[in-house]
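Comments concern the structure below.
The values are calculated or read from the model by the stated rules, or taken from the named source; none is laboratory data. Everything quoted here is computed from the prediction, not taken from an experiment. Ideal geometry is used to build each Cβ from the backbone, glycine not excepted, and the neighbour counts take in all protein chains shown.
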Amino acid sequence: MTARLEPIRTAIVHPVDSNALLGAIEAAQANLIVPILIGPRDRILAVAAAQDVDVSPYTLISTEHSHAAADKAVVMAREGEVDAVMKGSLDTDELMHPVLAPRIGLSTERRMSHVFVLDVPAYPRMLFLTDASLNFYPVLEEKRDIVQNAIDLAHVLGIETPRVAILSAVETVDPKIHSTLEAAALCKMADRGQISGGLVDGPLAFDNAVSFEAARTKGIVSPVAGQADILVVPDLESGNMLAKQLEYLADAQTSGIVLGARVPIILTSRADSPLAHIVSCAIALLLARSKQTAKL
């Protein structure tokens, strides 16, 4: 999908450990990004020397510390000097603080949200999980944007009508479980066109969302049950635990992206493999180029 696309200029924020720096360089060698390294020059060069890699082909913008690197990346994105921003060796909150800053950050009319894209060996299709990294306890309006962001990403990755499962602990509406009420509301919002481009159903327990047998046993008739493309979790805590369970117990390959900002934000973990960096960069490339095409 990316073979004919020009790589995107990407601000690599504070790449002062081997994982962050090598991930960016490998993505550059795969012709996905043109990295612009932003952070303390001496520390970046020290990592490059320790890993025996040459960073001379890439632009390096020296900053005093990670805060300044994040600020610089956001300014460059706002001014159109980069097409994407990639997290390096800093905390997510530290990167997202200038991204979310009112009037000077990268906000749009859409709520920002994070989507994990997972390749789970035991599941027959690509799986999207949202939001497990950015929105702690989103309210209904925010969940609408979270769902729409994930649907839009699925479209970019070639899924024409993604199936969206709104997860809860049970598959029936129960006033004592708030997430079931929000699931029902989101489904009605989809019926009324407030969410578009996908099939939305919920509440669904996790087993019903991904297993035809579980759904059949419980008598659930649904176009989503057993074949969900997108899993929408109640809150960050449950989503983060689910993502890590899939990664560490089900051997899922993970990648991640923040949607709803002016540019794609590649929000990889410092523990992610080089492959995760490469896949996340490929997703960012597809997103950035699709936005540019839409403007033509």
So which of 38, 61, 146, 44 ends up being assigned by TED's automatic domain parsing to the domain that holds residue 250 and either of a type in the set (Val, Ile, Thr) or buried (at least 21 other Cβ atoms within 10 Å of the Cβ) (or both)? 146
Spot the failing condition for residue 91; the list is (1) within 18 Å of residue 271 (Cα to Cα); (2) touching a residue at least 40 places away in the same chain (Cβ under 8 Å), and only one is missed. (2)
For region 19-44, give me each residue that is in a helix (DSSP H, G or I), closer than 18 Å to residue 279 by Cα and touching a residue at least 12 places away in the same chain (Cβ under 8 Å). 19, 20, 21, 22, 23, 24, 25, 26, 27, 28
Region 179-196, residues that are more than 23 Å from the chain's Cα centre (by Cα) and either more than 14 Å from residue 164 (Cα to Cα) or small (Gly, Ala, Ser) (or both): 180, 181, 184, 185, 192, 193
Determine which single condition residue 20 fails, assuming it passes every other condition in (1) at pLDDT 95 or above; (2) crowded, with 21+ Cβ neighbours inside 10 Å. (1)
Looking only at residues that are in a loop (DSSP other than H, G, I, E, B) and either touching a residue at least 40 places away in the same chain (Cβ under 8 Å) or not β-branched (Val, Ile, Thr) (or both) in region 139-165, which one is nearest to residue 117 (Cα to Cα)? 157
So residue 69 clears everything in (1) free of Cβ contacts under 8 Å to residues at least 12 places away in the same chain; (2) not in a loop (DSSP other than H, G, I, E, B) except one condition, right? Which one? (1)
